[in-house]
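Below: one structure, written as structure tokens.
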Amino acid sequence: MSGRAVYADVVATIALTAGAVFAVLNLEPVTLRAVLAGVLVLFLPGYALTTLVFPAAKETRPGVGDLPSAFTGSETEHAGLPFFERLALGVGLSVALVPVFAWGLEVGGFEFTGPNVAAVCGTFAVVATVLGAVRRLRVAAETRYVPPVGVLVRYREVARGRSDWDGALNVALAAVVVVATATVAFALISPASVGSASYTQVSLLTEQDDGSLVAGDYPQNLSVGESGELVLLVENFEQETTNYTVVVQLQRVESNGDVVATNEIDRFSETLRAGDSWQLTHEVAPQISGENVRLAYLVYRGDAPQSPNVESSYRHVTLWMNVEDGSDTGT
């Protein structure tokens with residue numbers, strides 16, 4: 001086999017890896033992304049590793065003076081791996097590598113998320129593929145591994161001579177591998193299962209001196225025109241890309257709960273992919289005074305209505321404030 005076939009295999013593997021990483025980072029869940037992500041996580045790292053560990057397609061005897069023969073004798077053979085066994089081992093090695101990748105992310109201080117897993121798997125596959133190509137090119141051309149052209153046709157011809165029972169077992173084994181791979185890929189790549197609830201989580205926070213965010217220390221006593229800083233956190237668990245609109249209002253509320261005055265402070269919008277979050281830092285400067293003035297963040301999916309209120313919002317968070325009239329100054 002010429003070196004050109006090795007280069008073609010390397011280019012195809014790297015291109016498939018790049019496409020799978022792009023899919024994980026940019027496509028919607030439960031689409032082509034799930035298929036490519038399954039290939040990326042459950043096949044490509046292991047397949048690339050087989051090209052590095054088993055650069056030959058069949059066993060070869062070392063020549064005189066070869067380092068292994070110096071220790072174990074001239075009968076020692078270098079292990080090769082045929083095509084179909086290589087595919088099966090690629091899946092097995094990839095599954096075995098997933099806990100190793102998870103441990104590496106943990107040690108490095110990274111979360112076990114889809115983008116991070118894709119980056120680790122993709123990097124490993126590319127590096128192992130390149131190193132494997134170097135090893136393959138050093139193996140004799142007649143024994144080095146390259147994906148065999150027409151292997152499925154030849155396999156079919158060989159399979160014709162086998163019993164129907166052997167053929168049924170092969171089909172059953174292939175079906176089990178496909179189903180298991182698809183199931184694991186779906187579980188790893190999807191942010192949530194199809195049957196789980198879809199929701200948006202909204203939190204009102206404040207930033208501390210050390211930069212951390214906490215649900216407390218709210219600016220609840222201000223004067224008209226005086227500002228206080230708050231952080232609104234919107235998290236998308238809708239299992240789909242969602243456009244959000246946030247309307248910020250100050251409301252004067254009577255004791256019976258009726259809103260008698262409203263001052264709209266600002267509006268914001270953002271589009272979040274499934275699983276992403278939006279951290280909105282906002283300065284609040286009240287323009288209406290009174291006790292128990294309510295600051296409301298009204299969150300809508302899509303555009304907000306002309307007259308937004310708590311009842312019409314998809315999600316909302318509120319904060320009660322006491323706002324003094326800034327005109328009352330001492331002499």
| said: I'd like to verify a number: residues in the stretch 205-238 that are of a type in the set (Asp, Glu), surrounded by fewer than 16 Cβ atoms within 10 Å (Cβ to Cβ) and not in a strand (DSSP E or B), how many? | reply: 4
| Does Leu40 satisfy being aliphatic (A, V, I, L, M), assigned to a helix (DSSP H, G or I) and open to solvent by 30 Å² or more (accessible area, probe 1.4 Å)? | no
| task | Residue by residue through the stretch 239-251, note down the ones that are within 37 Å of the chain's Cα centre (by Cα) and open to solvent by less than 70 Å² (accessible area, probe 1.4 Å). | result | Gln239, Thr241, Thr242, Asn243, Tyr244, Thr245, Val246, Val247, Val248, Gln249
| message | Among the residues in the stretch 21-33, are any open to solvent by less than 20 Å² (accessible area, probe 1.4 Å), part of a helix (DSSP H, G or I) and at pLDDT 85 or above? | response | no
| field | Matching residues, the stretch 286-295, being surrounded by 22 or more Cβ atoms within 10 Å (Cβ to Cβ) and either modelled with pLDDT of 95 or more or within 24 Å of Glu270 (Cβ to Cβ) (or both) | value | Leu295
| task | Mind listing just one residue for me: the one in the stretch 6-20 that is open to solvent by less than 10 Å² (accessible area, probe 1.4 Å) and of a type outside the set (Ser, Thr, Tyr) and, of those, farthest from the chain's Cα centre (by Cα)? | result | Val6
| Within the stretch 125-139, is there a residue that is surrounded by fewer than 16 Cβ atoms within 10 Å (Cβ to Cβ) and at pLDDT below 90? | yes
| remark: The condition from (1) at pLDDT 85 or above; (2) outside any helix (DSSP H, G or I) that Pro45 misses is numbered (2)
| request: Filter the stretch 252-285 down to the residues that are at pLDDT 90 or above and polar (S, T, N, Q), then identify the one that is most open to solvent (accessible area, probe 1.4 Å). | output: Gln279
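The values are calculated or read from the model by the stated rules, or taken from the named source; none is laboratory data. Values in this document were obtained by computation on a predicted structure and should not be read as measured data. Quick reminder, even Gly has a Cβ in these numbers, built from the backbone with ideal geometry, and neighbours come from all protein chains shown. Please note that ligands, DNA and RNA were not included when accessible areas were found on the heavy atoms of the full protein model with its side chains. Shrake-Rupley method; radii C 1.70, N 1.55, O 1.52, S 1.80 Å.
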